[in-house]
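Input: a single structure, listed below in structure tokens.
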Amino acid sequence: MSLLSSLNTGTRGLFASQMAMDIAGQNISNADVEGYSRKRLNLSTESRYDSALGQVGMGVSIVNIERMRNTFIDDQIRRQNVEVGYFEEMNHTFRRIENIFTEPGDTGVLHFMDQFFDSWQNLANNPADLSARTMVKTNAEILTNVFHNVAGELRDLRQTRNDEITQKVNRINQITEQIYNLNLEIGAVEVGGQNANDSRDQRDRLLKELSKITDISMTENKMGQITVSASGSILVSPVNHQKLEMTTSSQKTSDGKSVTDIAIRFAESKRPFNPGGGHLKGLFDSRDISVPQYQDYIDQLALSLVEHVNSLHTAGYTMEGYSGVFFFDPETTGASDIEISASIASDVHNIAAASAGEIQSAVTNTVAPTAHQYGDPPAQLFRVPDATPPVEARNIVRDSVVVRTADNLLREGVDYHINYQNGTFQLLHNGYDDQEFTIDFNYRTGGFMGPGDNSTALNIAQLRTDLVMNPDTVGNHTSTFSEFYSSFIGKLGLSKNQSQNNLETREFLVEQYQSHQDSISAVSLDEEMANLIRYQHTYQASARLISTTDRMLDVLMNM
């Protein structure tokens with residue numbers, strides 16, 4: 001082995017030691033960078049064959065710079081991230097719904113419904129008291145406002161899911177474009193047999209983020225480039241990346257409001273994109289399943305309240321002795337548009353606290369041709385003919401009157417007008433002057449018992465404990481208003497706890513996988529400092545070899 005070979009050996013040692021210290025410095029400077037994988041310099045011995053000695057060492061050779069990472073663990077983290085992303089969105093949605101209902105508490109629907117029925121009980125104790133009637137009206141208005149607020153916030157929550165879906169889709173497009181560009185970088189580096197370590201780290205970070213947004217599958221070719229697929233189509237390939245785009249559709253809800261829904265499709269193929277997991281599936285399930293479910297619950301409660309209160313109220317008498325007055329607007333379609341009726345809003349005297357009698361049906365009057373003509377004032381034509389003597393029938397049951405002539409069926413509001421409280425009839429145009437009228441109607445017996453009667457107020461107050469919700473298979477109701485409300489609030493709590501538990505389980509698994517990965521790829525400052533000292537000494541030793549060989553050459557040249 002010549003002195004020049006010794007110089008070459010020392011030079012190789014210097015270069016390898018310097019490269020090793022550079023890598024240790026790179027590891028130390030990136031110790032706190034998320035997703036950075038520590039690098040390791042792989043070395044091998046360099047030798048030549050000598051016929052007399054066999055293999056003779058020629059120093060050290062740099063093989064490559066290796067990224068310390070377990071790709072199998074990365075795949076497991078991505079798989080669990082899909083579940084983490086999904087349950088994050090579901091848990092967020094259930095928490096938002098809990099905040100909307102604010103139960104248990106003094107600002108929720110149940111509290112104000114109790115106050116509403118309390119005011120009816122108070123009115124039953126003081127049926128002629130105007131302040132008690134005003135309290136019924138006020139508490140009803142507060143309750144309807146609470147229904148409006150809950151329905152509005154649920155509707156807004158559903159719409160915000162659309163905005164978040166749009167943000168996630170935009171982020172997917174950004175990520176897929178970056179992965180495509182990194183594919184090009186990695187392919188250009190690794191086609192020569194080297195490792196594109198930093199580009200792979202960046203790509204792994206993007207894949208980890210993407211897996212939390214939607215479920216993905218991935219394959220890698222021999223050049224290190226990957227193909228990412230989702231929803232049955234390729235998002236990224238070594239030669240292309242496909243963008244996603246939004247489509248919108250609008251529909252009318254039962255209360256007449258417009259709701260906009262968005263969907264996702266591939267921009268090039270126009271095929272629908274249906275996420276199978278991650279944030280996007282959680283957002284779609286929240287928007288299309290979870291939130292509408294609780295919208296339906298609160299609508300059922302509002303409609304049942306309107307139906308049962310109106311049923312009793314229209315049968316009762318106001319302070320002036322009128323019946324047939326609605327307490328709530330009968331056109332209510334749900335919690336978003338429940339209102340007290342115009343009659344109650346305008347005058348608390350129209351609150352029916354007194355009760356009416358039983359409905360008597362199938363009463364027929366026959367009116368002579370000259371008894372009533374167009375232009376005549378309203379006439380008391382409703383009488384009970386089989387009574388002795390015949391009595392006037394007031395408080396006619398609304399929509400029960402049928403008026404016929406020999407040739408025609410007359411139309412209410414077009415051919416005639418009826419005052420249901422007073423039991424009067426009036427023609428609205430000519431053409432029936434010589435015709436006999438047959439009038440069928442239902443009426444109530446008993447009559448008005450006076451403003452001190454509290455029967456209807458008691459019946460409405462009793463609704464608090466009546467079984468009016470959740471009909472069984474044969475149509476019998478099985479729960480009260482409060483039991484129905486408490487049941488779906490309890491279901492909300494269970495759903496939230498279940499999503500929270502699922503989220504914590506998946507996060508724990510990700511944490512365990514990440515801890516295992518960190519034990520392989522994370523930078524240990526103690527280890528890197530030890531490497532610096534070690535390579536410093538190998539650098540100094542290589543330098544000493546070169547200086548010693550230089551002196552030997554100097555001696556040899558001066559002989």
| said: At 7 Å along Cα-to-Cβ for each site, give me the label-to-label distance between Arg544 and Thr248 in nm. | reply: 7.6 nm
| How high is the FRET efficiency between Gln462 and Ser486 when r is their beta carbon distance and R₀ equals 22 Å, given to the nearest 0.05? | 0.70
| task | Quote to one decimal, in nm, the extra length available between Asp114 and Asn274 on full extension: 0.36 nm per residue of separation minus the C-alpha distance between them. | result | 53.2 nm
| message | If each residue of separation counts as 0.36 nm, what is the full-extension length gain between Asn408 and Ser131 once their alpha-carbon separation is subtracted? | response | 94.8 nm
| Charge tally in the Cβ shell below 13 Å around Phe327, where Lys, Arg are +1 and Asp, Glu are -1, Phe327 excluded | -3
| With Cβ to Cβ distances under 15 Å as the rule, what net charge do the other residues near Leu463 carry (K, R +1; D, E -1)? | -4
| task | Taking a cut-off of 22 Å between Cα atoms, list the lysines near Lys39, but don't count ones fewer than 8 places away on the same chain. | result | Lys208, Lys222
| query | Any idea what the relative contact order of the chain is, in percent, if you count C-alpha pairs under 8 Å spaced at least 6 apart? | reply | 20 percent
| Net charge near Lys496, counting Lys/Arg +1 and Asp/Glu -1 over other residues with Cβ under 15 Å of its Cβ? | -3
| message | If the only charges are +1 at each Lys and Arg Cβ and -1 at each Asp and Glu Cβ, what is the size of the charge dipole of the chain around the Cα centre, to the nearest 20 debye? | response | 2600 debye
| said: Residues of the stretch 130-164 with backbone nitrogen within less than 15 Å of a virtual label 7 Å along the Cα-to-Cβ line of Thr260, please, listed as ranges. | reply: 156-164
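Every number here is computed from the coordinates shown, using simple stated rules; none is lab data. Predicted model, so just to flag it, every value in this text is computed and none were measured. Every residue, glycine among them, receives a Cβ derived from its backbone with ideal geometry; neighbour counts consider all protein chains shown.
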